[in-house]
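A.B. asks: Here you go, one structure.
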Amino acid sequence: GRHVGWGSGRGGGRRRLRGARAASKVRGPHPGRVLDADTMASGDPFLVFELLEGQDLASILRARGRLSTADAIACIAQAAEALSEAHALGIVHRDVKPSNLFMVAQQGHMEIKVLDFGIAKLDAGSDTSVTVTGSVMGSPRYMSPEQIRDPKRIDARTDVFSFGVMTYEMATGRRPFEGSSPVSTLAKILESEPAAVLSLRSDLSPELARIIRRCLRKVPDERYNDTRDLVAALRAHRWDRVPTQTP
């Protein structure tokens, strides 16, 4: 599959331009690169992203159901490393989900690209800060409790929660919070605890199960402070191994 990103329309386009500014500040191989940004004669802004050859993680999970422990750790660690660079710059992605992780072939192995910083939140102290509205933006299944309650008062730990949701899904083939509607899903995130990972997959590493559980704590202070800490926790699990093939 291919992914080529672009954005137009004054509302969505402005968000994507903010995202382009945010993404352009994050160095390293894992963020999706913005090649150009300009405005059409109509006044609508547009972006040109690099063309990626591969598959997004959502497609891979639909095909496989779940990943091996090593592949799950490799995927999440590469993505977490990309976000750790963003977090160090005061950038919070706010929409971490499988469809925003894209696996591309790079010199014989697969590499994760993190896409769509379009609703990224930048710290108020940054010279690139933006005003974040009170509206709830993001994907309900992967939102943190605090993002649901007050999206203006979030930090890097909201992305850590989303990483926990994705890793749970990669490891078990199930999402930790799944309701019959978006509203009921949000209610589960706020009020319910997910089934224990090891009860769904007994061959999983107990240490990885502990990492997932910590990411999914309702209280932000009980999670990792940011994805730099998450990457450090994953190092004991051959975090630098990358998947060798896709379905």
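The values are calculated or read from the model by the stated rules, or taken from the named source; none is laboratory data. In this text, all values refer to a predicted model and were calculated from it rather than measured experimentally. Using ideal geometry, Cβ is built from the backbone for each residue, glycine included, and neighbour counts are taken over all protein chains shown. Accessible surface areas use protein heavy atoms only, side chains included; no ligands, DNA or RNA. Shrake-Rupley method; radii C 1.70, N 1.55, O 1.52, S 1.80 Å.
A.B. asks: How many residues are open to solvent by 30 Å² or more (accessible area, probe 1.4 Å) and either touching a Lys or Arg at 6+ places or on another chain (Cβ under 9 Å) or at pLDDT below 90 (or both) when one looks only at region 208-219?
C.D. replies: Matching residues across region 208-219 total 2.
A.B. asks: Is there a residue in region 100-115 that is modelled with pLDDT of 80 or more, in contact with a Leu (Cβ under 7 Å, 6 or more places away or on another chain) and not in a strand (DSSP E or B)?
C.D. replies: Yes, there is a match, as at least one residue in region 100-115 is modelled with pLDDT of 80 or more, in contact with a Leu (Cβ under 7 Å, 6 or more places away or on another chain) and not in a strand (DSSP E or B).
A.B. asks: Shifting gears a bit: Under 7 Å between Cβ atoms, which residue pairs at least 6 apart in sequence (or on different chains) link something in region 213-237 that is under 13 Å from Ala82 (Cα atoms) and in contact (Cβ under 8 Å) with a residue 40 or more places away in the chain with a partner that is acidic (Asp, Glu) and not in a loop (DSSP other than H, G, I, E, B)?
C.D. replies: Thr227/Asp159; Val231/Glu81
A.B. asks: Here is a check on your reading of the model: is Val197 in contact with a helix residue (DSSP H, G or I) (Cβ under 9 Å, 6 or more places away or on another chain), hydrophobic (A, V, I, L, M, F, W, C) and at pLDDT 90 or above?
C.D. replies: yes
A.B. asks: Next question, about the same structure. Going through region 199-213 one residue at a time, which ones are of a type in the set (A, V, I, L, M) and in a loop (DSSP other than H, G, I, E, B)?
C.D. replies: Residue satisfying the conditions is Leu204 alone.
A.B. asks: Another question, if that's okay. Looking only at region 146-175, which residues are farther than 17 Å from Thr69 by Cβ and in a loop (DSSP other than H, G, I, E, B)?
C.D. replies: Asp150, Pro151, Lys152, Arg153, Ile154, Asp155, Arg175
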